[in-house]
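The values are calculated or read from the model by the stated rules, or taken from the named source; none is laboratory data. No experiment lies behind these values; they were computed from the predicted model shown. For neighbour counting, all protein chains shown are included, and Cβ atoms are generated from backbone atoms with ideal geometry for every residue, glycine included. With ligands, DNA and RNA removed, areas are computed over all heavy atoms of the protein, side chains included. Shrake-Rupley method; radii C 1.70, N 1.55, O 1.52, S 1.80 Å.
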Amino acid sequence: MNENTGAGALDTVLSKGQFDRIFSCLADLAAKLRLMAVLLVDGSGRILAQKIGDGWKDTRLEGLAALAAGSYSASNEIARLLGESARFRMVLHEGERRNLFVCSVTQDFHLAVVFESGTAVGMIRLFTKRAVEQLVPVLSERTAPEQDLGKMFDRNFETLLGEELDRSLTDGRSGNRGRS
Amino acid sequence: MFIHWALKEIHLKIVYYGAGMSGKTENLRYIHSRIDPALKGDMVMLKTNEDRTIFFDFLQLEVGNIDGKKPKFNLYTVPGQIQYAQTRRVVLNGVDGIVFVADSRKDMMDANLETLLDLEKHLIAGGKTLENFPWVLQYNKRDVPDAESIAEMETKLNFFGVPSFEAIATTGEGVFPTLKAVIKKVVGHVQSQLEGAQRMRA
């Protein structure tokens, strides 16, 4: 999973095959537990895969992912300050109607599960543990040869991105008073 | 950085770093207020009762389809106050590029430098340094009456000659040029890393 370019340029590359298996695992978990949503996120809050249940209307979960990853990372710092030698196993945010459960998959990835309060936390813990066991080997695979990454980031991409940034990030001001 | 082959997505994490009240959140607020709603998510702000950032602010931006690829930029701020050092470390996890927001007020020069050194400490813990990492400087609050001269700020903070921008984040001046510059630095950095790795293999 962690792409080693020899220079540490890339943190994570997810292949289509990996994504399909991860999504299948999340979909199974969501169906078994009737989850509102389940997300696989990395330590910096980026969503690798998500499965949203029927009861969830908002399909943009980036904010939730960032907060879930931040919350879990913060809990690890708390564990350290309390003298724990390992991370906390999970974080549970308990609401009146909805709960958020976050647990570690590997050191770099977390599973965030949104479920209704009627579902037993024990069930969530049991089935997420099984899902984690399926996800770990998938996330451990090496992917994407560097040549393909070179294609992803060729000079054409840099030029086109620059043009698109100029189009999208504009407020009509002229001049940037910058030095480079 | 995270590349999602199946969806052709490239995710980059940009962190706005700087001393307390230097204007990091104002940068994100301005960006959020000016971007096409179709290209942005909700802005998440975690604040104290005094309107100070306690954990981070977050905003995801997209810029549409680039040659079949979809770049997404996750923008974060860190809490600037001294007591939140551990929180800053958490937010820096997985960072791809940094905007260092320096406060132009003369009495903030020491705080700017202390914060820059704090940033380097966290980068070193992650195996990076300010010399080999993509970052840009923003000299914010250029409209305050006691603003330090740009020449002096360059001398005090820009040891490595990174791109720097004058800004007044509350009005938006300099905000987009800063953001564009850091994105270009990050993409250029990835390209040179990949090219370096390929040369080593050849």
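Determine whether residue A:70 is out of contact with any Lys or Arg (no Cβ under 9 Å at 6 or more places or on another chain), within 25 Å of residue B:57 (Cβ to Cβ), open to solvent by less than 20 Å² (accessible area, probe 1.4 Å) and modelled with pLDDT under 90.
yes
Given the conditions (1) crowded, with 20+ Cβ neighbours inside 10 Å; (2) farther than 25 Å from residue A:158 by Cβ; (3) facing chain A (nearest Cβ under 9 Å), and given that residue B:19 satisfies all but one, which numbered condition is not satisfied?
Here residue B:19 clears every test but (3).
Could we say that residue B:55 is open to solvent by 20 Å² or more (accessible area, probe 1.4 Å) and in a strand (DSSP E or B) here?
Criteria met by residue B:55.
Pick out the one residue from A:24, A:85, A:44 that is modelled with pLDDT of 85 or more and under 17 Å from the mean Cα position of the chain (by Cα).
Unique residue meeting the criteria: A:24.
Could you check segment A:99-143 and list, in sequence order, the residues that are over 18 Å from the mean Cα position of the chain (by Cα) and aromatic (Phe, Trp, Tyr)?
The one that is over 18 Å from the mean Cα position of the chain (by Cα) and aromatic (Phe, Trp, Tyr): A:127.
Looking at (1) within 9 Å of another protein chain (Cβ to nearest Cβ); (2) surrounded by 15 or more Cβ atoms within 10 Å (Cβ to Cβ); (3) touching a strand residue (DSSP E or B) at 6+ places or on another chain (Cβ under 9 Å), which is the one condition that is false for residue A:114?
Condition not satisfied by residue A:114: (1).
Across segment A:37-53, what is the total count of residues that are open to solvent by less than 10 Å² (accessible area, probe 1.4 Å) and either more than 16 Å from residue A:101 (Cα to Cα) or part of a loop (DSSP other than H, G, I, E, B) (or both)?
Final tally of qualifying residues: 5.
If you take the residues in segment B:46-95 that are modelled with pLDDT under 85 and of a type in the set (Ser, Thr, Tyr), which one is farthest from the chain's Cα centre (by Cα)?
For segment B:46-95, the residue satisfying everything is B:48.
Among the residues in segment A:84-91, are any acidic (Asp, Glu), over 26 Å from residue A:22 (Cα atoms) and open to solvent by 40 Å² or more (accessible area, probe 1.4 Å)?
Yes; the residues of segment A:84-91 include at least one that is acidic (Asp, Glu), over 26 Å from residue A:22 (Cα atoms) and open to solvent by 40 Å² or more (accessible area, probe 1.4 Å).
Of the residues that make up segment A:95-106, is at least one among the charged types (D, E, K, R), touching a residue at least 24 places away in the same chain (Cβ under 8 Å) and touching a Ser or Thr at 6+ places or on another chain (Cβ under 7 Å)?
For segment A:95-106, residues among the charged types (D, E, K, R), touching a residue at least 24 places away in the same chain (Cβ under 8 Å) and touching a Ser or Thr at 6+ places or on another chain (Cβ under 7 Å): present.
Please identify the pairs in which a residue from segment B:173-195 that is within 7 Å of chain A (Cβ to nearest Cβ) has its Cβ atom under 9 Å from the Cβ atom of a residue that is hydroxyl-bearing (Ser, Thr, Tyr) and open to solvent by 10 Å² or more (accessible area, probe 1.4 Å), counting only partners at least 6 apart or on another chain.
Partner pairs satisfying both residue conditions: B:176/A:170; B:176/B:30; B:181/A:180.
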